[in-house]
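Please read the structure below before turning to the comments.
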């Protein structure tokens, strides 16, 4: 220790801390040998809390205000006490300043996708990110659980742990919410509020208050987003026939066609695609023809009486014997009325086989 430091150490201390950084949460007041003089003045500003540590134990927690340190052994702080004694020997003590302002715009996000089941898309992977804000709520607990004896504690030293807590609880909330992916954008605020309520007690265990969580985005994998964009584009296009004609006409107007042949091919392709896409559904196939009449149960009119039933073989014998001609009336189950045998398609073969072909013309000598 130099002479100047030795001389400065004999003057009354002015203990205070002003912070020009944006990420310092705790700062330990540096004093040569931790020797704080009798009558030293301690200033605790708004958005600050100070802790006095004596011989390794927290002696007092000081809220904003000015304090005069008047003691021999322990850092008993009082603005009401006065001492009639002269110079007192310094005592060993440490002063820690805690920044109680809000630390905002801290980032959180999912390092790996969240697997969830969607009613419309099935199993999907989601990523999410946003910001959160915290402040020191219980300085003594924060020192005991997180900071320890760190003389310059910053947000970065605790942000990873807090971020992991947020992501874990957020994943649980999204997985159990059963909200469709396309409707999640309308529920960002509710997600943030619900996660804040769920995780706040865990932050309090560290002496930290979680003031807010903001969900900025919940996104699908890039390939799924591309497919969704194509699906949305088809809905915007509407009538494909009109869209193809418009695209073709626009290309011609912009000079993209190099010749009349190119223009003709463009119109042909557009018309062909529109014809295929707008082609009405084919007509239903006709009903199958009824099955042929059976070859039995034929009835033959003989005078005013009905003979039968006969089989086709019996009818063939009747044709050969001349008792059945093409004019003879016949009937079978399934026929509406009696018909001439020559007009029934199922019996045509019986008469064709017994009708001789016409004679050839005679040759002239």
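To two decimal places, what compactness ratio does segment 139-201 give when its Cα radius of gyration is scaled by 2.2 N^0.38 Å? Each step should come with its number before you reach the end.
Details: Rg = 15.8 Å, N = 63, 2.2 N^0.38 = 10.6 Å.
Ratio of Cα Rg to 2.2 N^0.38 Å: 1.49.
Semi-axes, largest first, in whole Å: what does sqrt of 5 times each Cα gyration tensor eigenvalue give for segment 103-223? Before the final figure, lay out the partial values.
On the way: eigenvalues 191, 35, 25 Å².
They are 31, 13, 11 Å, listed from largest to smallest.
I'd like the Kirkwood hydrodynamic radius of segment 298-352, using the inverse of the mean 1/r over distinct C-alpha pairs, in Å.
Working: mean 1/r = 0.0908 Å⁻¹.
It is 11.0 Å.
Computed from the coordinates by the stated procedures, all read-outs in this text should not be read as laboratory data. Source: prediction; values computed, not measured.
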